[in-house]
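Readers should treat all values here as calculations from the given coordinates under stated rules, not as data from a laboratory. Quick caveat: nothing in here was measured; it's all calculated off a predicted structure. A quick note on method: Cβ atoms are made from the backbone with ideal geometry, for glycine too, and the neighbour counts reach across all protein chains shown.
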Amino acid sequence: MLKRIISILAVAVLSVTVSANVQAATVTVKKGDTLWDLSRANNTSLENIQKLNHLTTDLIHPGDVLTIAPEKHYIVKNSDTLWDIAMDYRVTVSQLKEWNKLNTDLIHPGLNLLIYEGLNTTTKVVTERPINQAAAQAASTKPAAQAPKESEPEVEAASTSNTSSKEITVKATAYTASCEGCSGTTATGINLKANPNAKVIAVDPNVIPLGSKVYVEGYGEATAGDTGGAIKGNRIDVFIPSEQDAINFGVKQLKVKILN
């Protein structure tokens, strides 16, 4: 997930596996693939692939599985609410807010909303309708509770009901926030640009709960404070402030002890 110089080559060979849902596709990254190549092959933008897969940079690795979904824009009308729009497009209010960088449930006529279609989201997760506008406005002044993204597919994993001192072996790569266009803010709100010495790892919340304290072999004690579209199962990304050091980290098999 690092920003790297993309050389314009003749034609990159891309391997795309289309899911059963005709509206969305999964792309399996092959050696030599870049996000720029994938965006051109799938008629979308690099930035939207990053946003949809929660990537903070544009470095991808062979074997990564990325979700590609059609983009749609919806112009908000009078009396529209985020809950109504989410129900119509079978997505969640949280997804709409994340995709459009909204900090409140309040919307106004004329607002242009970006929506990704065909993500197999069920209506049962769309349960965030505010009781009234005043309640929504009051809620917008409080920090949003962090939770695993509803759009990410469930990954079967060992039970984490008792994770005290549990040790697992993971495939580890590295990422950085020092890239053009990167916000540097993790899924749990940690500003990595403002805190370059923070020890943070990106995890699959089904395996390592967000907010957990962990000990990563060769990296030290860290916080499970981020997620990523390619981080599934026993896979982590460790945050390294230097882009070159993150590149040099490569791919490793490491032991991670979940402390709490």
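Numbers below:
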| item | result |
| --- | --- |
| Entries in Lys77/Lys101; Lys101/Lys166; Lys232/Lys252; Lys101/Lys193; Lys31/Lys101; Lys30/Lys72 that, when Cα-Cα distance is taken, lie over 25 Å | Lys101/Lys166; Lys31/Lys101; Lys30/Lys72 |
| Computed magnitude of the charge dipole of the range 166-258 (debye, nearest 20; Cβ of K, R +1, Cβ of D, E -1) | 320 debye |
| Stretchable slack from Lys31 to Glu217, in nm (0.36 nm times residue separation minus alpha-carbon distance) | 64.3 nm |
| Length gained when the stretch Lys171-Ala41 is fully extended (0.36 nm per residue, less Cα-Cα span) | 44.0 nm |
| Per-residue Cβ neighbour rank within 10 angstrom, fewest leading, His61, His108 | His108, His61 |
| Whether the range 193-260 is rounded, prolate or oblate, judged on the alpha carbon gyration tensor where a/c under 1.5 counts as rounded | rounded |
